[in-house]
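The values are calculated or read from the model by the stated rules, or taken from the named source; none is laboratory data. Since this is a predicted model, take the numbers as computed values, not measurements. No Cβ is skipped: glycine too gets one built from the backbone with ideal geometry, and neighbour counts run over all protein chains shown. Accessible surface areas use protein heavy atoms only, side chains included; no ligands, DNA or RNA. Shrake-Rupley method; radii C 1.70, N 1.55, O 1.52, S 1.80 Å.
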Amino acid sequence: MGNSALKAHLETAQKTGVFQLTGKGLTEFPEDLQKLTSNLRTIDLSNNKIELLPPLIGKFSFLKSLALNNNKLTALPEELCKLKKLETLHLNGNHLRQLPAAFGQLSALKTLSLSGNQLRTVPTQLSGLRHLDVVDLSKNQIQNVPDTVGELQAIELNLNQNQISQISMQISHCPRLKVLRLEENCLELSMLPQSILSDSQISLLAVEGNLFEIKKLRELEGYDKYMERFTATKKKFA
């Protein structure tokens with residue numbers, strides 16, 4: 001892509017606060033964006049071939065939305081965690097194995113999409129994020145859900161298409177969790193904590209495609225309580 005095209009994009013971004021350059025085969029984060037650190041509210045560089053996010057990302061202090069879906073990122077810089085206004089982060093379809101240690105400092109984060117990466121566990125850093133609404137960790141390599149999940153503030157947690165065979169009972173203590181998606185994992189019925197049914201806020205539990213028949217779920221203690229929540233929620237949205 002020529003410099004003149006990039007220049008045009010930069011000029012538009014300066015006026016609108018939005019820089020969008022998708023599917024252009026970019027191999028690196030455009031350094032020229034540095035000139036707009038105080039302008040930009042949105043950056044979308046999805047569907048490129050970017051391997052590294054440079055430390056300068058930490059300078060975009062007004063950034064609210066960052067999308068880098070379908071790139072080649074293997075790690076994220078610690079500097080990313082300085083983005084105190086960031087509300088939406090989309091990193092689907094990369095090669096991420098973990099999140100930066102300071103990820104919990106992204107205090108404004110509401111939506112986090114990490115579908116199609118190489119995470120092996122639910123990152124403990126997420127438990128510190130107080131405004132998190134939706135977390136998508138589908139299509140990773142997660143095998144178990146640890147105790148720290150009990151502090152997760154999310155309303156919806158998507159763990160579809162992982163390799164989960166164990167879930168901490170603490171998940172039923174999540175204060176705001178309403179939707180839990182666990183489709184196409186490796187769960188035996190005995191490994192699904194019954195407290196999810198009897199003693200949680202969860203009103204939509206999606207568990208198709210595991211190692212048990214769905215009708216067996218209905219025989220578990222607490223299923224009636226779960227159905228009460230499910231029905232009440234359904235009425236609310238109907």
| field | Residues satisfying the stated conditions in the stretch 17-44, i.e. open to solvent by less than 10 Å² (accessible area, probe 1.4 Å), within 12 Å of residue 65 (Cβ to Cβ) and assigned to a loop (DSSP other than H, G, I, E, B) | value | 17, 40
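Condition test on residue 65, is it surrounded by fewer than 20 Cβ atoms within 10 Å (Cβ to Cβ) and under 14 Å from residue 125 (Cα atoms)?
Working: surrounded by fewer than 20 Cβ atoms within 10 Å (Cβ to Cβ): yes; under 14 Å from residue 125 (Cα atoms): no.
Spelling it out, it is not the case that residue 65 is surrounded by fewer than 20 Cβ atoms within 10 Å (Cβ to Cβ) and under 14 Å from residue 125 (Cα atoms).
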| Contacts under 6 angstrom Cβ, first residue in the stretch 7-33 being without any contact (Cβ under 8 Å) to a residue 24 or more places away in the chain, partner small (Gly, Ala, Ser) and open to solvent by 60 Å² or more (accessible area, probe 1.4 Å), 6 or more apart | none
| query | Do we find a residue being open to solvent by 50 Å² or more (accessible area, probe 1.4 Å), part of a helix (DSSP H, G or I) and either out of contact with any Cys (no Cβ under 7 Å at 6 or more places or on another chain) or of a type outside the set (Val, Ile, Thr) (or both) anywhere in the stretch 217-226? | reply | yes
| When you go through 141, 153, 161, 170 one by one, which is the residue that is within 21 Å of the chain's Cα centre (by Cα) and loosely packed, with under 15 Cβ neighbours inside 10 Å? | 141
| field | Single condition residue 147 does not satisfy, out of (1) open to solvent by 10 Å² or more (accessible area, probe 1.4 Å); (2) farther than 22 Å from residue 119 by Cα; (3) in contact with a helix residue (DSSP H, G or I) (Cβ under 7 Å, 6 or more places away or on another chain) | value | (2)
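Of everything in the stretch 184-216 that's among the hydroxyl-bearing types (Ser, Thr, Tyr) and over 19 Å from residue 153 (Cα atoms), which residue is surrounded by the fewest Cβ atoms within 10 Å (Cβ to Cβ)?
Initially, the stretch 184-216 is screened for residues among the hydroxyl-bearing types (Ser, Thr, Tyr), giving 190, 195, 198, 200, 203.
Of the ones still in play, those that are also over 19 Å from residue 153 (Cα atoms) are 190, 198.
Working: 190: 10, 198: 15.
Of everything passing the filter in the stretch 184-216, 190 is surrounded by the fewest Cβ atoms within 10 Å (Cβ to Cβ).
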| Is it the case that some residue within the stretch 69-84 is of a type in the set (Ser, Thr, Tyr) and either in a strand (DSSP E or B) or touching a residue at least 24 places away in the same chain (Cβ under 8 Å) (or both)? | no
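Would you check which residues across the stretch 121-140 are of a type in the set (Ser, Thr, Tyr) and either free of Cβ contacts under 8 Å to residues at least 12 places away in the same chain or closer than 9 Å to residue 158 by Cβ (or both) and list them? Spell out the reasoning first.
Within the stretch 121-140, the subset of a type in the set (Ser, Thr, Tyr) is 121, 124, 127, 138.
Of everything in the stretch 121-140, just one residue is of a type in the set (Ser, Thr, Tyr) and either free of Cβ contacts under 8 Å to residues at least 12 places away in the same chain or closer than 9 Å to residue 158 by Cβ (or both), namely 138.
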| Does the stretch 101-122 hold any residues that are open to solvent by less than 40 Å² (accessible area, probe 1.4 Å), assigned to a loop (DSSP other than H, G, I, E, B) and of a type in the set (Gly, Ala, Ser), and which are they? | 108, 115, 116
| field | Counted residues, the stretch 45-68 - those being among the hydrophobic types (A, V, I, L, M, F, W, C) and assigned to a loop (DSSP other than H, G, I, E, B) | value | 8
